[in-house]
Amino acid sequence: RHPLTWVPSLYLAMGLPNVMVGVVAAIIYKNLGVANEDIALYTSQMYLPWVLKPLWAPLLEAYRSKRFWVISMEFTMAAALGLVALCLPMADFFRLSLAFFWITGFASATQDTCADGVFMTTVSKTDQARYSGLQGMCWNMGAVVASGLFVSLTGWLHNHVGMPWVQCWIVVVLIAAGAMAAFGLWHVRVLPPGAPPTRHGEGLVGGLKANVTIWASFFQKPQIWMMLAVIFFYRFGEGFIEKFGPLFLLDPTSAGGLGMDNESLGHINGTVGTLTFIAGAFLGGFL
């Protein structure tokens, strides 16, 4: 299949759940009355799957194809997000929905690894450079849909239709679950398998051996510690603001916030955010 039939949808399917867990979950809990301190503490921990994914990514090489992992994780995320929506009306919604967001996070991190593997082992080096801007744009568009359109939709449902927040978020999270299921169905049809796993059939022992080999070779790269320092400090400031930024924007001015509503926050993410994401993605890909 031509890369344009599956690269855009693949990276949309990577960006959407990442931002649902990393950003939108905090807005959900804010609207449903959870304290800022609890939101910041518990939702910030949900980034751990993306931090720790190098620990289990090599183990996947011993079992099935990259395509299998991508598609199965997309259906897993669809189910987990659906269960998040069903939890929201319950009295113990915070604890239960956190658990299903964690499952979504681990599935999304696994999908990220295998999706990149499909792309890098299917597309030529020349086409990898050609489509790198498209990759970034589509990932960021998934993020914009989640943090912009979805958030705006909840504000519109609440302000103009009169729905309570819990019902607004049930509708939107179910839409997100349906989108992940649609991505899974589409990728069953068009996604290539990627290169065969190098450790296929070797089981857990083979995967663990591969893990040791990969980590050893990784830290033998020239100037690896300088590269890691650049990556760490590049994300350092973002890590400080990303969790508390939306809470600051939504808090009333009497509490030191800016007093925005979901519609305003979603419009900012979906207009200015959309334009800058697209421009940055294409510029970065070109460079």
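The values are calculated or read from the model by the stated rules, or taken from the named source; none is laboratory data. None of the values given here were measured: they were computed from a predicted structure. Please note: Cβ atoms are built from the backbone with ideal geometry, for glycine as well, and neighbour counts cover all protein chains shown. Accessible surface is based on the protein model in full, side chains and every heavy atom, while ligands, DNA and RNA are left aside. Shrake-Rupley method; radii C 1.70, N 1.55, O 1.52, S 1.80 Å.
Numbers at a glance
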{"item": "Full-stretch length increase - LEU149, ILE175 - with 0.36 nm per residue and alpha-carbon distance subtracted", "result": "8.2 nm"}
{"item": "Whole-percent carbon and sulfur share, accessible surface of the chain, 1.4 Å", "result": "71 percent"}
{"item": "Selection from ILE39, LEU12, ILE71 lying farthest towards where the dipole of the range 10-84 points positive, charges on Cβ", "result": "ILE71"}
{"item": "Violating pairs (Cα-Cα greater than 23 angstrom) within the set LYS66/LYS221; LYS125/LYS209; LYS66/LYS209; LYS221/LYS243; LYS66/LYS125", "result": "LYS66/LYS221; LYS125/LYS209; LYS221/LYS243"}
{"item": "Check: the range 1-68 dipole with +1 on Lys, Arg Cβ and -1 on Asp, Glu Cβ, in debye", "result": "440 debye"}
{"item": "Under the span-like rule (Cα at least 20 Å along the axis, Kyte-Doolittle mean at least 1.6), DSSP H helices of the chain", "result": "165-190, 272-286"}
{"item": "Simple spin-label estimate for VAL205 and SER264 in nanometres, 7 Å along Cα-Cβ", "result": "6.3 nm"}
{"item": "Peptides ranked, highest mean first, by Cβ atoms within 10 Å: ranges 102-111, 26-35, 149-158, 245-254", "result": "102-111, 149-158, 26-35, 245-254"}
{"item": "Paramagnetic label zone (point 7 Å from Cα along Cα-to-C-beta, TYR234; backbone N under 20 Å) in the range 122-166", "result": "128-144"}
{"item": "Globularity ratio of the range 57-199, using Cα Rg and 2.2 N^0.38 Å", "result": "1.20"}
{"item": "Residue-averaged [θ]222 nm for the chain, counting only DSSP H segments that reach four residues, each worth -39500 (n - 2.57)", "result": "-24000 deg cm²/dmol"}
{"item": "MET226-GLN128 pseudo-label distance in nm [points 7 Å out on the Cα-to-Cβ vector]", "result": "2.2 nm"}
{"item": "Estimated dipole of the chain in Debye, rounded to 20 [Cβ of Lys and Arg +1, of Asp and Glu -1, Cα centre]", "result": "940 debye"}
{"item": "Overall Cα dimensions of the chain - principal axes, largest extent first, Å", "result": "56, 36, 35"}
{"item": "Heavy-atom accessible area per residue - the range 129-287, 1.4 Å, Å²", "result": "58 Å²"}
{"item": "Linear extension gain, LEU4 paired with VAL161, 0.36 nm per residue minus alpha-carbon span", "result": "52.7 nm"}
